[in-house]
1. For a paramagnetic label modelled at 7 Å from the Cα of residue D:48 toward its Cβ, which residues of the stretch B:18-38 fall within the zone defined by backbone nitrogen distances under 18 Å?
2. For B:56, C:174, what ranking results if the residue with the fewest other Cβ atoms within 10 Å of its Cβ goes first?
3. Cα centroids of the stretch A:125-170 and the stretch A:25-61: how far apart, whole angstrom?
4. Treat each spin label as a single point 7 Å out from the Cα along the C-beta direction, and report the residue B:60 to residue C:82 distance in nm.
5. Starting from 0.36 nm per residue, how many nanometres of slack lie between residue D:95 and residue D:25 once their C-alpha separation is accounted for?
6. From the gyration tensor of the Cα coordinates in the stretch A:63-195, what semi-axes in whole Å does the equivalent ellipsoid have, largest first, with each one equal to sqrt(5λ)?
7. log10 I(q)/I(0), Debye, Cα-only the stretch B:10-55, no solvent, q = 0.30 Å⁻¹?
8. How high is the FRET efficiency between residue D:36 and residue B:179 when r is their beta carbon distance and R₀ equals 60 Å, given to the nearest 0.05?
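Each reported figure results from applying straightforward, stated rules to the coordinates on display, with no laboratory input. Everything numeric here is computed off the predicted structure, so don't read it as measured data. We place every Cβ from the backbone using ideal geometry, glycine too, and count neighbours over all the protein chains shown.
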DNA sequence: TATGAATGAGATTTCATTCAT
DNA sequence: AATGAATGAAATCTCATTCAT
């Protein structure tokens, strides 16, 4: 029998995909420890048994998600714009921050859960630490030309910390501000830090 | 009858204190969800039964610790130095950051656990959000005189986010830097942001 | 494919059934409060975990049993014979009392436990009260034609109370009498009460 | 110092008395198994330690209460009026049933708890069985002269069962009737059973 | 490839009882 | 005679994982 291959994915690949999606949703809602495999399989509408055909454990599912996110993060970090020394190019940073916001909105939950998992499990901690250092390195490379007199690595550290936690506060609802405002806050702070001037808000 | 050594604390108060201490240690080591009451009572060297004389559940113990930490945080925030408009007073901020570091070193675990608990439990989330906004408000009050042309609340948001996450990265080991360096990074970044200049590191 | 022995019950249904049976036995032996889930699962030869797949708690298992018993009780009550006005038909009451005895022997434990549960839990109390009133109503309907001059509902109340507690005394061993004798006592008492005469015992 | 002995009871006796009172109340409200020593000492407003100065265990307290009740029961049973053969003396039975009602109202809880305790503990069971047989014996002695042709012991069994459970249904709220009506129902049923006639209700 | 019933180790919580004061 | 903090055995319940179908 000839089946028109409408879908490029095998059944197994689709099941795996649904589990990854469900995992993202459940880890987002409940965090790593509080998330139960039961929640994941109910969300994905598959059985417990099937779960273990694709992932060897709850941790394994998380690892898979974390790898996905880490890859996207690394890619995004590599695309952080190089600051020209003359203080030009604010639009590029602004646009990059928006892309970061998109990613964080989708994957912030996994990043949070990472933090949570990190405490007890050293493996994630190491991977996470490495990712953070890589991320900082990329940002440092971007700002170095603009301000050679400040320690780019140190400045980048502060910038990364600020970006991550500001988005977290935004997502968690602690900050009562619009997303545009958040992006502006961050852009302004980065400019102030790197160029020593006060970049004014873009959105009226 | 004269009592030789009148203890200032009753037996019960001492036991409660030991449980709070043990709780801090265990939440620090394992995080909120992974922490077991069993770990807490073993650390405090008391029995399971006694634990439930003082706290109705693991959540209840956490709540008590969180209130303690929140109080200390609020106090510290209220003592953030006011920036004189002439760019003086770096020493005061530096000293304040050191005090924050002390507090974070002691209580960071509870703050992390707070984040973790926040996801599923709305009560903590609300309290946490309120605390963050208060904290930001105090910092904003401190920097407002120095740079009236930037939105102090927005700047304070970025600063608080940066401070918190930078210390977190330091404590979690993702940053391979000394504590002095971390304090310097933050001080420099805050100065750059507020005064628009590059405050150079104190430690060579 | 032809399945050799198609079981009418799924595996799950059989497990649930075994738990209900085990519950009846354990509540019978130890009463409601003293019964431990551990006893039930050991009797049913299944694991603790499985128990909680079928019942959310010990109370829940009891509820299920109570519903079963209440249904049987209600059915039996509905079949109480109508007394012909001429004092005929002792055999029918005698036979009905035997059926009640059978039910009480099987389910008396649950009825006792009901009483026990009733004290603290209002839900069971209400259900139990309703069941008793229904039961009394059916008996009242049966005796009304025989003795229209006595308040059938009041007489039925006394009859039901007497039946229940007499069987209880018999089951609990307080009465040192054979079951046949117990049935005779009750039949005689009911006849005496309803027809105003002394129905003599059947067993010499 | 001379103390006017206003109270004939020592402090210890008063404490013991308060524990007995509290025990009655708590067993009444929660039943034997669900009653916690904590409830008893809180009700009596004494400490856990003191409880164990007077009673060696929760069961011991119950035993003491049960003995009190059993004694009162036995006394009351001994005062059941003798039925004259001519069908006179309804007033005496009516009055006796009222006294039983008083006792049951005060001590019914202990009687219920007895039933509950009986299941697991054989000692109480035996004592309870003996009490019931004694009780039945006294009632049998009372009705024997009235109706020599019926087996007085069997009739008494039915009467006792009926009385006990009817009051129970009344106390537990399953019966929605006034106490006077309950007494009347029982009196009527006893008369009908013993004299073979329909004794009509006393209360209009 | 999929199912879902079953498992059992381990977590939380309760409460009768003891003991130092 | 009284206190109440502390105990610990035992009970309830959860959930990641396995396994027979």
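1. Of the residues in the stretch B:18-38, B:19 have backbone N under 18 Å from the label point off residue D:48.
2. Values: B:56 11, C:174 22.
Fewest-to-most Cβ neighbours within 10 Å comes out as B:56, C:174.
3. 32 Å
4. Simple spin-label model gives 6.2 nm for this pair.
5. Values: separation 70, 0.36 × 70 = 25.20 nm, distance 2.64 nm.
Extra length from residue D:95 to residue D:25 when fully extended: 22.6 nm.
6. Numbers: eigenvalues 123, 64, 31 Å².
The three semi-axes for the stretch A:63-195 are 25, 18, 12 Å.
7. Ignoring solvent entirely, the Cα scatterers give -1.11.
8. Numbers: r = 52 Å, r/R0 = 0.87.
FRET efficiency, residue D:36 to residue B:179: 0.70.
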